[in-house]
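Encoded as C-alpha cells, the structure appears first; notes follow it.
A short reminder: the numbers here are calculations on the coordinates, not readings from a lab. On a predicted model such as this, the values are computed, not experimentally measured, just so you know. Counting neighbours? That spans all protein chains shown, and the Cβs are built from the backbone with ideal geometry, glycine included.
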Amino acid sequence: MGSELGLTADSERRPRMDRVGIFFICWTTIWSLLLLWGMGFLIRHRQMSMLKIRGIWLSLSSILFLHLYWASVQLGYVFGPLYPGSCEFWIMSIYLPLGIGLFHASNTRFLHVAQRQKQFIDKADTPNAPSSHKSSKSDILGRFRELDHSAKAVVLVSAGMFFQLFMAVFMYLISRKWHSSWGIPGTEVHGTEMEQKVEMGRGWEWTPSILWQFFWAWIVAPLTLWRARDIHDTQGWRTQTILCAVSGLHASPMWLFALYFSGMDTINRYWIPPQWIALSIWLMEIFTVFLPCWEVLCHQALRQETLDTIAQWENNKTFGKAIRSLKSKSTITESIKTRWTSTSSVKTSSVESILTLSALEYVLARNPEPLQQFSALRDFSGENIAFLTSVAEWKSSFPASVRNRSSDVSEETRRELVRERFNRALRIYTEYISATDAAFPINISSAELKKLASVFEEPARSMYGEKQAVNPATPFSCPEWNKPDSTDSSSEGPRSVSEHGSCGDGVQYWGDIPDSFDQTVFEDAEKSIKYLVLTNTWPKFVRARRESMDSFQSGSTEEGSSMWFSIPCKQ
C-alpha cells in the first residue's frame, strides 16, 4: 500500500531531484505565476458588474488556501522525504478544509444571486429598504439572519472549520503515530525513520479531513447543481459552478484507492496519492480564475463590437444611408412588440439600427418587461433596467408646476409637490443606489455616488436608521439601527417603516429638502447605467432574441427556453 507522500521503506532522506522532481518544481513555479497573474487581472477589473456580483474576494481567498495545499502536494514528491512526519497531516487538516469550505461557500452565492434577482420581476417581493425591527440580543438565530449572504457563508464555514480543526487536534492527541509519550496504546509506529513516515502517511487519523472533502464534493456540490438546473445565465457562472463541482468528484475515491490498493504502488512512485486531490484543485483554479478572465475579455470585446456597430450606424446616417436602416429599425422594434414573429423583418434588418441607443430607449419606453426578465434571470443585472424604468416614471411624473417655477401655483402647493417627488426619489435611491439599503446597488462611479449621497443619504438615514458595521471578530453582536432623536429637524413627522422594511406611500420624509434636488438629480447616474446596459445587456438580449427567432423558424423552439419571449407588449 502507498503513503501520503509516496514514500517507501527504501526511500532515502534527501530530495528526489530526478526528472520527475525537476518537472514538478518547474510546473509548480510556472502555474503559480500564471495563477497570480489571473488573480491580479480579476482584482484589477473588480469594479466590473460581472465580477462585483460574483464576490471575487471570497472565491479568491478560497483559491489562495487551496493553492497552498496544491503547491505542498506538487513539491511533496521532491521534498517529501525531508518533511516532518506530521507536516502533511496538518497541511491537509488546515489548508484543504478551509479552502474547500470557502470555495463552495462562494459557489452558493450563485444560487443566492439568482434567487434574489427574481425580485426585479416580482415587484411584490422587492425588499425596498432595511427593516427597523431589532432582534433580541439573546436571539443568535435572529442576528445570523441579519447578516448578508457572504457573512453567513463565512460564519457557517468558520463553524465547520472549527469542528474540523478540533477533530484534527483530537486525532493528533489520541494517536501515538506522531508522538510516543501520550495517546492510545497500540497506535504507535515502529521500524526505521522512513518506515515510520510511511505509516504516518495513512490511517484512521486522516478520516476527518477526507470526510470534509467528501462532504463538499459528493453532497453539497451535487445539491448545488440540482438547484441550479433551471438557471441559464449569460456570464458563464453556471458553467463555472458545474465544472468545479464535477472536477472534485474523483478526488476522495482516488486518494483512498491510491493509499490502500497495492496495485497503485507503481503509480504512487511518480504520482503521489494527494495529487489526485491536487488535480481537482488545479481544475477548480482554472474554472474559478481563468474562466472569469475569459468572460471579462469577451465582455470587453462585446462592448467594443457594440460601439463599433453604433459608430458604423452613425456613419451610415452621415452619408445618407439612414432611410433603409430606419425602416429596418421600425420593423425590428415592431417585431419586439409582436413577440418577434415576423421572420422576414429580421432577415432584412440592419444590425446597426437595433444596437443603437435609440432602439434601447424605444424598448425601455414601450415594452421593457422582456428586457427586464432577461436582465434579471439571465444577466443578473435586473437592478439596471428596474432603475432606468423607475427613473423614467419618476421624471414623467413631475408636473409642470414643479418644473416651471414661474407658474401660478402657490408656493405652498409647489412645496408639497416637490416633497412628494423627493420621497419617490428617496425610494429610488434606497432601492437601487444606496450601498447600505439596496440589495443590488447599481454600478456607478464614486463621484456620482457621492453626489447622490449628498442629497439623499441623510434623509435615508433619518427614515431607515443607520446600520452599524458588523464586526468580523464578533459576527453575532447585534447590529443596531440608530434612529435620530425625535427633536432633530430632519426627523419631524411620521417616518415609520413597514414590517417588510419598505417605506409605504403614506409614510414620508418631512425634513428639509436639499436645494440641489430637482428633476435632473438622477441624470448622470441614468446616463451611466444606460451606457452600461447598451454595451453589455442590450447586445446579449438582441442576440438571444435573434437566436430564439431562428430556432422558431426551424421549428425547434422549446417551451421552457422560449417562455420569457412570450411577454406581450404593454399597451
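How large is ³J(HN,Hα), in whole Hz, for each residue of region 27-44 in order, when computed from phi with the Karplus curve 6.51 cos²θ - 1.76 cosθ + 1.60 and θ = phi - 60°, using x for Gly and Pro?
Per-residue couplings from phi come out as 5, 5, 5, 5, 5, 5, 5, 5, 5, 4, 4, x, 5, x, 4, 5, 5, 4 Hz.
Determine, for each peptide in 21-30, 422-431, the mean count of other beta carbons within 10 angstrom over its residues, then list the peptides with the highest first.
Working: 21-30: 14.4, 422-431: 22.1.
Listed from highest to lowest mean packing, they are 422-431, 21-30.
Please tell me which of these pairs span more than 23 angstrom C-alpha to C-alpha: K118/K450; K118/K451; K52/K540; K118/K530; K450/K540; K118/K527?
Numbers: K118/K450 28 Å; K118/K451 29 Å; K52/K540 19 Å; K118/K530 21 Å; K450/K540 31 Å; K118/K527 25 Å.
From K118/K450; K118/K451; K52/K540; K118/K530; K450/K540; K118/K527, over 23 Å: K118/K450; K118/K451; K450/K540; K118/K527.
Specify the inter-centroid distance of region 145-218 and region 251-299, based on alpha-carbon positions, in whole Å.
The two parts, judged by their Cα centres, are 21 Å apart.
Give the peptides 302-308, 33-39 in descending order of average Cβ contacts within 10 Å, highest first.
On the way: 302-308: 14.3, 33-39: 16.1.
In descending order of packing, they fall as 33-39, 302-308.
By per-residue mean of other Cβ atoms within 10 Å, what is the highest-first order of 166-175, 232-241?
Details: 166-175: 15.6, 232-241: 19.9.
Packing proxy ranking, top to bottom: 232-241, 166-175.
To make sure I understand, if each residue's beta carbon is the centre and we count other beta carbons within 10 Å, what order do I140, I529, I281, I94 fall in, fewest to most? Don't skip to the answer; put the middle values down first.
Details: I140 12, I529 23, I281 26, I94 18.
Least to most surrounded, the residues fall as I140, I94, I529, I281.
For a quick check of your reading of the filter: which trypsin sites (Lys or Arg not before Pro) in region 26-117 sit in a DSSP loop and have no more than 14 other Cβ atoms within 10 Å? Could you put the intermediate results ahead of the total?
Details: sites: R44, R46, K52, R54, R109, R116; in loops: R46, R54.
Answer in residue order: R46.
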